[in-house]
Structure formats: C-alpha cells, structure tokens
Amino acid sequence: MDSLRIAFDLVAPLVVYMAVGRVVKLFKLLSPDNLKQINAMIFKIMIPLQLFFDIYFADLGSSVGPGLFIWAGTLTVAVFVITPIIARRTVRERPDVPTMTQAVFRSNSVLFGSVISSSLAGEAGAAVSAALSVLIVPLFNILAVIVFEIERGGRIDIKRLLLNIAKNPLVDAGVLGALVSFSGVKLPELIVTPLNTIGDIATPLALVVLGAMLSFGSIVSHKKLLFTAVFCRLVAVPAVCISILVALGFRNEELIVLMAVFASPTAVASAPMAQTMGGNGVLASEAVALSTVFSIITVFLFTFALSSLGLF
C-alpha cells in the first residue's frame, strides 16, 4: 500500500494541474496567443529561476557521486545514437527523423524531474536532481542541434552550435547556479525569497498551460509516428535504462533522479527547436502533449514497481 500511495501522491497533482488547464481552455479564459506568451515566460524566466535556485541551494560537493554523471550521460548519448538509426528505417519524410529522435532522447527532466525527485526524495532528491541538471540540460541541447544539422544535410557549424548553447536560458541558469554555489557567495535574502517564489510557480503553471494548449486536431494523421515516439520515450527507454542502472547498483535518491531523467515525457523545448531547425514542428508538439498525458500513467507504474521492489 505504501508503494501505491507514493505513486499516487506523485501523479495526482500533475492530473489536477492539467485538468485546470482544460477548464481554462473550455471557458476560453486565455487566447492561444496568451498561452504562447505565458509559455515563453515560463521557459525563459520561471524555469531558469527554478533551476538556478535548485542548484544554488544544493550541496553539490557532497550530494552526487561521479558515477551518476557518467551513466546519465552515457545512456543519454546511447539513446541518441540508436534512435535515428531506427527512425531512418521507419520514417518516410526526412524532417521527421530528427523530430522523432529528439522526442525519444530529450526528456522533460527539468520540469518533471524536479517534481518527481522532490516528491519522492524530498530535499535530498532535489539536490541530486539539481546537480545532475548541470550536465543533462546542456547535453540535451547539444545533441538536439547536432541531429537536426546532420539530418537536414548541413555541416555542423561548431561556432553556431556553441552560440545556440550559450543562448539557451536553461543552460545559462544551470551554469550560473553552479558557479555561484561553488563560489560560496551568499545572495541577499531580499532577492532570493521573491525570485525563488517565482521559480516555485514554474511547474504548476507550466502544467496548467500545457493542459490548456492540448489539441487533438492532427494527431490522427500522425498516429503511427506518435505511438512509436511516445512508446519509446515512456516505456522502452526507461525500462532498458532503469534496468541497467539497477544492475549497476543505483538506489534511493540517485535511482529516483535517474528514473526522472529517463521516464519523463518529451521536453517542451523540443517543439520550438523542431520548428526553427527544419523539423516537423506539428509532430514535435503532438509528441510533447501526448507523452505528457500518458506519462501520468507510466511514471505511476515505474514508481510503484521500483518502490514495491524496495529500490527506494
């Protein structure tokens, strides 16, 4: 019963937040343009603030062992390498290959990962999650740019790649948070309290907006691609990666955080990336929406299973 309660306590708030978003859509309280503007604010200001303060408050020196970074990075790259090989054999349109690849390897670990880690492991989980995000966020962005450049037949421009990475607000927030944390600088409480509060709003507001933005108009035409992407993102990838991590001996907070990385739905940022880099923006948006909806079920099941086995 404890395992069932832990899993339910994790996913119930996510359901409520997205249900509120559906009410917003039903009563037309916000226009599509309003939702896009709020979404831009969330991902350019609020989530970076959340990430910054998660890292700022974390004890990075003692909370994470090197094995966590090594295996999180290794498995992420492995999924990134394998996915386009499979996608090229199953996808007809070339722009769909990088879109599918990104939908599978790039998880929403900043948003969902922080929720999962803090819900299941409290402050210790949040600290480990914050530390790991210093690696995962830049890695996701680097790999996404690389796959789009390769699949559209372009040459990888190292200068432009580095510029795009440097301009990403999540990367900037992660690096800045790590620098401030390691430097030992203490920010004034007058600044920390209000900005940290804004960061805390990011997760519930993002889920409300996502619930309000869900549209099932063109999902039917992409059903085969979407099924493949969502199944791989939510079932195949986490099942394989978590099994490997358990066999390697990861337990408790570290296993929870790694589960959050590999079992979270497709990153919201993957949709604008696909649109601006020659991918299928519509397919990317649908993958984000559907993987987020179904992750409520799959994250519940993974949490229940691992908790029942006494792994955390």
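The values are calculated or read from the model by the stated rules, or taken from the named source; none is laboratory data. Note that this is a predicted model, so its numbers are computed, not measured. Cβ placement follows ideal geometry from the backbone for every residue including glycine, while neighbour counts extend to all protein chains displayed.
I'd like the residue in the range 160-189 that is of a type in the set (G, A, S) and free of Cβ contacts under 8 Å to residues at least 24 places away in the same chain and, out of all such residues, is surrounded by the fewest Cβ atoms within 10 Å (Cβ to Cβ). In this case the residue turns out to be G184. Of the set (1) over 16 Å from the mean Cα position of the chain (by Cα); (2) surrounded by fewer than 19 Cβ atoms within 10 Å (Cβ to Cβ); (3) at negative phi, all apply to F302 but (2).
Looking only at residues of the range 41-68 that are surrounded by fewer than 21 Cβ atoms within 10 Å (Cβ to Cβ) and either in contact with a Cys (Cβ under 8 Å, 6 or more places away or on another chain) or not in a helix (DSSP H, G or I) (or both), we find that the one that is modelled with the lowest pLDDT is D59. Here S109 meets the list (1) under 30 Å from Y56 (Cβ atoms); (2) part of a helix (DSSP H, G or I) almost entirely, failing just condition (2). Across the range 13-40, the qualifying residues are those that are modelled with pLDDT under 90 and either polar (S, T, N, Q) or outside any helix (DSSP H, G or I) (or both), and the one among them that is surrounded by the most Cβ atoms within 10 Å (Cβ to Cβ) is N39.
Among the criteria (1) in contact with a Gly (Cβ under 8 Å, 6 or more places away or on another chain); (2) surrounded by fewer than 14 Cβ atoms within 10 Å (Cβ to Cβ), the one G211 does not fulfil is (2). Looking across D157, D200, one residue alone is of a type in the set (D, E) and either closer than 30 Å to A87 by Cα or touching a Leu at 6+ places or on another chain (Cβ under 8 Å) (or both). It is D157. Scan the range 262-273 and tell me whether some residue there is crowded, with 22+ Cβ neighbours inside 10 Å, at pLDDT below 85 and either closer than 21 Å to I82 by Cβ or aromatic (F, W, Y) (or both). The answer is yes; a qualifying residue exists.
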